[in-house]
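The values are calculated or read from the model by the stated rules, or taken from the named source; none is laboratory data. Since the structure is predicted, the reported quantities are computational estimates derived from the model, not experimental observations. Cβ coordinates were reconstructed from backbone atoms using ideal geometry, including for glycine residues, and neighbour counts include every protein chain displayed. For the accessible areas, the whole protein counts, side chains as well, though only heavy atoms, and no ligand, DNA or RNA atoms are used. Shrake-Rupley method; radii C 1.70, N 1.55, O 1.52, S 1.80 Å.
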Amino acid sequence: MGEQGAALQKYNQELVKCIEQLKIKRQELSYEVEKEEAAKHSLENEMQQLQLKLDGLSTNIKRKKNLLENCDKAIKEAESAFMKILESSQVLLSKVLRESEELEIKDETED
């Protein structure tokens, strides 16, 4: 029975050693999980902040594109109105020149 007791004691020591190694491994894994959870939380916060920035930029881009469209429309309308004024000025100038010539001709014939 002495041999059996010695063998049992040896098995107990190995069992205790294995349990201690498992506890150490568990602590290491627990530390890694906590570290990775902290990194995950940090990335989630960063993603949330980036999403807010992206949403803000998207809103600004949309608003500025609307402003660009309004500017383009105003420019087109102003250019169109200017062309009409220019055409009217040419017509008016032609009319005034004709009338001026007619007045000169009438004035010469009366002399």
Where Lys and Arg each count +1 and Asp and Glu each count -1, what net charge lies around residue 66 among other residues with Cβ under 14 Å from its Cβ? +3
Cβ-placed point charges (K, R +1; D, E -1), dipole of the stretch 1-95 about Cα centre in debye, nearest 20: 560 debye
Projected onto the charge dipole of the chain (unit charges on the beta-carbon of Lys, Arg, Asp and Glu, signs +1, +1, -1, -1), the Cα from 90, 105, 8 with the largest positive-side position is that of 8
With Cβ to Cβ distances under 15 Å as the rule, what net charge do the other residues near residue 52 carry (K, R +1; D, E -1)? -2
Rounded to the nearest 500, what is the 222 nm mean residue ellipticity of the chain from helices alone, with -39500 (n - 2.57) per DSSP H run of 4+ residues and division by all residues? -38000 deg cm²/dmol
In whole percent, the fraction of accessible protein surface over the chain that belongs to carbon or sulfur atoms, probe radius 1.4 Å, stands at 58 percent
In whole Å, how far is the Cα centre of the stretch 58-94 from that of the stretch 8-36? 79 Å
Accessible area per residue, Å², the chain with all protein chains present, probe 1.4 Å: 99 Å²
Working from Cα positions, state the angle (0 to 90°, nearest 10) between the long axis of helix 2-110 and the longest principal axis of the chain. 0 degrees
